[in-house]
Amino acid sequence: MESTYGDRVHEQLTTRGEELRRAIGDTVKRGGVLIIPAFAIERTQELLFELTKLIDSNQVPKVDVYLDSPLAIKASDIMVQYPQYYNQGTMERFKTGNDVFSFPELHRTLSRDESKSINEAPWPKVIIAGSGMMNGGRILHHLVRYLSDPKSTVLIIGYQAAGTLGRRLYTGEKNVDVLDQRINVRAKIASIGAYSAHADQKQLVNWIRTAEKLPGQIYCTHGEESASAALASRLSEELGVHADVPRFEQTLTI
């Protein structure tokens, strides 16, 4: 089983909207730029859905939001075409004629020239761009421009793998290289774990707990060594199952 977040627990799903509201409000109050690195498929649409609800209910200040990801824009257009797959709450919103992934303040910058025009847009503003781990894509150009600004915020909403720029920012590095430029990190770095597509430690343990019959052997994979080891230990102690982390070059027969 996977163990990406085998050593941590996310915030509650019910609180992630409040965390997003606070990040927007605080950044707008400082007159800065809120930069959100996001994976183009599913993560961005979840984020847009939350933003739509916050803006429609006047829970955040009116602020221009730029979706600067061609893939995310095209994926959102496809998802709007298939409302039959929405959950009940989203379906009810869709049936009343409300937008699901859009609001008047949203600007979709599909072309390169449209993306560049964000630089001239007045502050404060929100920019959503890929890639989610900040190891490529249009997000890098925005980081070069705003990462050294103390009024701005980088809001991390997804897993940041070791060795990526996103991980270096997440762990608090104050000097990073972006597009061959050395940047002093003065922007606020914040994170919301509840947007992650990966289950946390508690959810992973509960998933095994609900099995009709506990497995005789569990191998914790797809995670950094410390996270995999933490989950294996928790599974063994709490459920009494034999859990282990495969070693490098170890061969297992299943």
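So for region 106-124 (the condition being in contact (Cβ under 8 Å) with a residue 60 or more places away in the chain and either of a type in the set (A, V, I, L, M, F, W, C) or in the same structural domain as LEU169 (by TED's automatic domain parsing) (or both)), does at least one residue qualify?
Among the residues of region 106-124, at least one is in contact (Cβ under 8 Å) with a residue 60 or more places away in the chain and either of a type in the set (A, V, I, L, M, F, W, C) or in the same structural domain as LEU169 (by TED's automatic domain parsing) (or both), which makes the answer yes.
Quick one: is THR14 of a type in the set (Ser, Thr, Tyr) and exposed (fewer than 15 other Cβ atoms within 10 Å of the Cβ)?
yes
Could you check, for region 189-197, whether at least one of its residues is free of Cβ contacts under 8 Å to residues at least 40 places away in the same chain and not aromatic (Phe, Trp, Tyr)?
Within region 189-197, one or more residues are free of Cβ contacts under 8 Å to residues at least 40 places away in the same chain and not aromatic (Phe, Trp, Tyr).
In region 53-73, how many residues are within 18 Å of the chain's Cα centre (by Cα) and either crowded, with 20+ Cβ neighbours inside 10 Å or closer than 20 Å to ASP149 by Cβ (or both)?
Residues meeting the conditions: 6.
I need the full set of residues from region 1-22 which are among the aliphatic types (A, V, I, L, M) and more than 11 Å from LEU54 (Cβ to Cβ), in order please.
Residues satisfying the conditions are MET1, VAL9, LEU13.
ARG247 fails exactly one of the following numbered conditions: (1) in a helix (DSSP H, G or I); (2) farther than 30 Å from LEU34 by Cβ. What is the number of that condition?
Status for ARG247: all satisfied but (1).
Considering each residue of region 133-152, count those that are of a type outside the set (A, V, I, L, M, F, W, C) and buried (at least 23 other Cβ atoms within 10 Å of the Cβ), and give that number.
Pass one, region 133-152, residues of a type outside the set (A, V, I, L, M, F, W, C): 135-138, 141-142, 145-146, 148-152.
Of the ones still in play, those that are also buried (at least 23 other Cβ atoms within 10 Å of the Cβ) are 142, 146, 152.
Total satisfying the criteria: 3.
How about region 168-181: which of its residues are buried (at least 18 other Cβ atoms within 10 Å of the Cβ) and over 16 Å from THR153 (Cβ atoms)?
Of everything in region 168-181, those that are buried (at least 18 other Cβ atoms within 10 Å of the Cβ) and over 16 Å from THR153 (Cβ atoms) turn out to be ARG168, VAL178.
Find all pairs meeting these conditions: Cβ atoms under 7 angstrom apart; at least six residues apart or on different chains; first residue within region 11-27 and free of Cβ contacts under 8 Å to residues at least 24 places away in the same chain and assigned by TED's automatic domain parsing to the domain that holds ALA38; second residue assigned to a helix (DSSP H, G or I) and surrounded by 13 or more Cβ atoms within 10 Å (Cβ to Cβ).
none
Tell me the residue from ILE127, ILE139, ILE73 that is in contact with an Asp or Glu (Cβ under 7 Å, 6 or more places away or on another chain) and closer than 22 Å to GLY158 by Cα, please.
Exactly one residue qualifies, and that residue is ILE127.
May I ask you to list the residues in region 15-39 that are among the aliphatic types (A, V, I, L, M) and farther than 20 Å from LYS125 by Cβ?
In the first step, residues of region 15-39 are kept if they are among the aliphatic types (A, V, I, L, M); the result is 20, 23-24, 28, 33-36, 38.
Correct list: empty.
For GLN217, are the conditions met, namely being more than 18 Å from TYR5 (Cα to Cα) and touching an Asp or Glu at 6+ places or on another chain (Cβ under 9 Å)?
Yes: the conditions hold for GLN217.
In region 76-156, which helices (runs of 4 or more DSSP H) lie fully inside it and hold 2 or more residues that are under 22 Å from the mean Cα position of the chain (by Cα) and farther than 17 Å from ILE41 by Cα?
88-95, 139-146
Select from region 182-220 the residues that are over 21 Å from the mean Cα position of the chain (by Cα), surrounded by 12 or more Cβ atoms within 10 Å (Cβ to Cβ) and assigned to a strand (DSSP E or B) and list them in ascending order.
Across region 182-220, the qualifying residues are ILE183, ILE218, TYR219.
If you scan region 28-52, which residues turn out to be among the basic types (Lys, Arg) and touching a residue at least 40 places away in the same chain (Cβ under 8 Å)? Before the answer, list the steps.
Of the residues in region 28-52, the ones among the basic types (Lys, Arg) are 29-30, 43.
ARG30, ARG43 - these are the residues of region 28-52 that are among the basic types (Lys, Arg) and touching a residue at least 40 places away in the same chain (Cβ under 8 Å).
The values are calculated or read from the model by the stated rules, or taken from the named source; none is laboratory data. What you see is a predicted model; the values in this text were computed from it and never measured. When we count neighbours, we look across all protein chains shown, and the Cβ atoms used for this are built from the backbone with ideal geometry, even at glycine.
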